[in-house]
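Right, one structure below, let's go through it.
Values in this text are rule-based calculations from the coordinates and carry no lab data. Note that the structure is a prediction, hence the values are computed from the model and not measured. Cβ placement follows ideal geometry from the backbone for every residue including glycine, while neighbour counts extend to all protein chains displayed.
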Amino acid sequence: MTVRLSIFVVAMAALAAGQAASTHAQGVVQIRMATVVPPGSLWDESLQYVRQEWSRISGGSVRVSIYAGGTQGDEAETVRKVNRGQLQAVALSSVGLSRIDSGVSCLQLPLLFDSYAELDHVRDGMAAALERRMEAKGFKVLNWADGGWVYAFTKSPARTPDDLRARKLFTSAGDPDSERLYKRFGFRVVPLSLSDLVTSLQTGMIDAFTSVPLFAMLNESYKLAPNMTDIRWAPLVGGTVVSVSTWERIPEASRTPMFAAARSAGEKLRGDIRRMDADAVKQMQSRGLNVPAIDAATRAEWQKTAEAAYPALRGDYCPAELFDEVLRLRDGFRKQARH
């Protein structure tokens, strides 16, 4: 009888332990987060900080696994994976964010901004509307980030718009909006996966690409296209998003401090990227990058070319009402700055 009782007690204890473990496991929110940014880069370090802070804030009940370097596919694919429930969060550039909502493309109009101050003013004014639009589509914006200014890198120097039109220009195969945009300017685009960029430069499939300096330096693609056109095409906008369904599974008490941690990380990252953006160009120049001088007349030609395309981009590249609001905010900032 004693033996039977002992066996019964042990069995009940094991069952209770199993139930407790199951309850604990059910209470853990697992978040698989993907990004195309290289492991160890500033962008990746920012995500690792958020991962650690979320674990600390939630007492370990929120666990984030980060898949960097495009191991989960390009940005369009990772957005699709969130919609299918295979991923729960993604850190994206405007390429991926515009796959969620085309309104983000309004912040990427060519030669729209002259400075980060203009970008900040316009983005701050547009953020609430853009975040509402994305949340309605199942994505919560955790933060906004930058990638630096986008420039054209070419195998042989390209100073004018016609020079660049003569090149075979890389564009992301998962970014039809950018493909249409470049075609508006008469550029010869070759849609490819980002992972094929370096190989395509080596084989001659392309002889030009657009990128922020930090990325071109990290993957050393500038060595295959060692000329940079000194025209800031646009500041690369980015951000980190999580599926609304996943966010709502997180205990409400943890959400506010977790959201604050993500926003803080985004703000710090923007500052770090901006400080290192120009430095990356200097470093590449010391290693052989050529940045031909662009005179005032040629800069004016680039600006005229860009602005001539704006009417066609309004309503096609980005929603008309948001296009109008972006220009209103930018022009208002410039007017105020002049006084």
> Taking the inverse of the average 1/r across all pairs of different Cα atoms in the range 267-325, what Kirkwood radius in Å do you get?
Replying inline: 14.9 Å
> Cross-link partners among lysines for LYS335, C-alpha distance below 28 Å, same-chain residues fewer than 8 apart left out?
Replying inline: LYS304
> Non-local amide H neighbours of ALA173 (under 5 Å, H modeled in plane, Pro and chain starts lacking H): which ones?
Replying inline: LEU192, SER193, LEU194
> Which FRET efficiency value, to the nearest 0.05, do you get for SER264 and ASN83 by plugging their Cβ-Cβ distance into 1/(1 + (r/R0)^6) with R0 = 30 Å?
Replying inline: 0.60
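Provide the packing ranking of 247-258, 90-101, i.e. peptides ordered by the mean count of other C-beta atoms within 10 Å per residue, highest first. Walk me through the numbers on the way to the answer.
Working: 247-258: 14.4, 90-101: 25.3.
Packing proxy ranking, top to bottom: 90-101, 247-258.
Loop only by DSSP, 12 or fewer other Cβ within 10 Å of the Cβ. Give me the chymotrypsin sites (Phe, Trp or Tyr not before Pro) in the range 45-93 that pass, ordered by residue number.
none
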>> Would any residue of the range 305-339 have its amide N under 18 Å from a label point 7 Å out along Cα→Cβ of SER102? List them or say none.
In response: 309-327
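Where a ≥ b ≥ c are the square roots of the eigenvalues of the C-alpha gyration tensor, would you call the range 237-339 rounded, which needs a/c under 1.5, or, failing that, prolate if a/b is larger than b/c, or oblate? Before the final figure, lay out each step's value.
On the way: a/c = 2.34, a/b = 1.40, b/c = 1.68.
It comes out oblate by the Cα gyration axes.
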> Excluding same-chain residues fewer than 8 positions from LYS137, which lysines have a Cα within less than 16 Å of its Cα?
Replying inline: LYS81
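Multiplying the sequence separation of ALA128 and ALA337 by 0.36 nm and subtracting their Cα-Cα distance, what value in nm do you get? All intermediate terms of the calculation are to be shown ahead of the outcome.
Working: separation 209, 0.36 × 209 = 75.24 nm, distance 2.37 nm.
Extra length available between ALA128 and ALA337 comes to 72.9 nm.
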>> Suppose we look only past 28 Å in the calculated P(r) of the range 92-236. What percent of the Cα-Cα pairs does that tail hold?
In response: 20 percent
>> Under 19 Å between alpha carbons, and skipping anything fewer than 8 positions from LYS282 in its own chain: which aspartates and glutamates qualify?
In response: GLU220, ASP230, ASP272
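At 0.36 nm per residue, minus the direct Cα-Cα distance, what do SER156 and GLU135 gain on full extension? Give it in nm, one decimal, please.
3.2 nm
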> If only Cα atoms are counted, what is the Rg of the chain, and what is its Dmax, in Å?
Replying inline: 23.6, 100
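Determine the shape class of the range 41-90: with a ≥ b ≥ c the square roots of the Cα gyration tensor eigenvalues, call it rounded for a/c under 1.5, and otherwise prolate if a/b is greater than b/c, oblate otherwise.
Numbers: a/c = 3.27, a/b = 1.46, b/c = 2.24.
Because a/c hits 1.5 or more and a/b fails to exceed b/c, the range 41-90 counts as oblate.
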